[in-house]
Amino acid sequence: MASQDWFDKDFYKVLGVSKDVTPAELKKAYRKLARQHHPDSNQGDAASEAKFKEISEAHSVLSDPEQRKEYDAVRAMGGGARFTAPGTGGQQGGFDDVFGGMFGGGGGQQNYQFQQGGYDDILGGLFGRGAGGAGGRFGQSTGGYRGAGGPSRGRDVTASTTLDFVTAVHGDQITLQTQDGRSIKVKIPAGVSDGQKIKLRGKGQPSPDGGEPGDIVLTVSVRKHPVFERDGLNLRVTVPITFVEAALGATIEVPTLGGSPVKLRVAPGTPSGRILRVKGRGVETAKGTGDLLAEVQVAVPSHLSKEAEAALEALKAALPDENPRDELLVKARG
């Protein structure tokens with residue numbers, strides 16, 4: 001920032017605070033305005049972006065005790081007036097008048113000369129920065145004042161956690177332990193999926209100079225369930241049925257995740273792989289609720305008694321003499 005800008009800009013007014021504001025009050029006022037005008041919350045709004053830079057600029061100076069002292073001194077010298085060339089139009093209060101009182105001279109007296117950079121060099125000498133020196137001008141990020149961008153943001157932190165299947169589906173609050181020993185409570189939303197990333201705003205590393213803290217980017221792994229699988233918002237479960245139930249039809253019980261079993265009707269002649277749907281018993285999220293998809297699988301007995309074998313032979317003789325694979329073989333031949 002050019003030093004003349006310090007005469008032109010009222011940082012206390014920008015932040016809506018008084019000149020005797022305490023550091024705590026200053027920080028509170030800055031955070032409130034920063035949240036309101038942050039670019040992440042006002043994408044594409046040029047006015048808000050400009051306001052955010054102005055707020056950050058004001059906080060950057062006033063939050064630093066040394067810079068605040070310098071700023072107050074400069075404002076007291078100039079009274080908020082702009083520099084004007086001395087002796088023009090008979091007016092007083094120009095550049096010479098501002099500094100005349102400081103060096104014992106009255107308005108219009110010239111007991112010093114300006115060389116090279118003009119008022120920037122004069123202010124640099126007053127506050128420990130000589131003309132052309134390595135200290136830098138106001139607005140450069142060489143120390144002290146941190147530039148128009150304001151305080152730097154804290155670092156983001158990456159983390160990972162493993163959830164059981166039920167917690168991932170229904171959601172819950174868990175506690176994470178950070179590397180620096182902090183315990184953070186995290187709200188896991190219902191329906192989080194394996195590999196999903198959750199951003200925990202403001203839970204990362206703090207800013208080194210009073211800015212916003214960083215975020216934690218949490219990657220979620222979900223353990224497999226012995227019975228259920230995720231299919232988008234739907235839950236899938238494989239349900240075995242007997243040959244008799246498949247052939248003659250039956251009413252069976254099907255498990256649900258975390259609830260009582262539901263009864264479903266299996267129609268006569270149901271083949272393996274048929275899906276029976278239970279509405280609204282899948283994953284429930286803010287975006288919608290899925291269903292429970294029960295895939296029936298005909299279970300073939302591995303051991304038969306002599307009586308059972310005889311009964312099946314009798315059934316085979318009673319059934320039509322047809323090959324269920326005939327159509328498949330025809331299609332395969334083209």
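Numbers for the structure displayed
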{"read-out": "Full-extension gain in nm, ALA190 to SER207, via 0.36 nm per residue minus C-alpha separation", "value": "3.0 nm"}
{"read-out": "Label-point gap, in nm, between ASP180 and LYS306 - each point 7 angstrom along Cα→Cβ", "value": "8.1"}
{"read-out": "ALA46 paired with LYS32, simple spin-label distance in nm, labels 7 Å along Cα-to-beta-carbon", "value": "3.0"}
{"read-out": "Fewest-first ranking of PHE11, PHE243, using other Cβ atoms within 10 Å as the exposure measure", "value": "PHE243, PHE11"}
{"read-out": "Built amide H within the under 5 Å cut-off of LEU276, gap 5+", "value": "ALA294, GLU295, VAL296"}
{"read-out": "Cleavage-rule hits (trypsin sites (Lys or Arg not before Pro)) in region 273-305: DSSP loop, at most 16 neighbouring Cβ within 10 angstrom", "value": "ARG274, LYS279, LYS287"}
{"read-out": "Qualifying aspartates and glutamates (Cα of each under 19 Å from Cα of LYS9; at least 8 residues distant if same chain)", "value": "ASP20, GLU49, GLU54, GLU57, ASP64, GLU66, GLU70, ASP72, ASP120"}
{"read-out": "Least to most buried among GLU322, GLU212 (fewest other Cβ within 10 Å first)", "value": "GLU322, GLU212"}
{"read-out": "Residue order, fewest to most surrounding Cβ atoms within 10 angstrom, among LEU62, LEU312, LEU293", "value": "LEU312, LEU293, LEU62"}
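The numbers here are math on the coordinates, done by the rules we state, and not lab data. Just so it is clear, the model here is predicted, and its values are computed rather than measured. Here the Cβ is made from the backbone with ideal geometry for all residues, glycine too, and neighbour counts use every protein chain on show.
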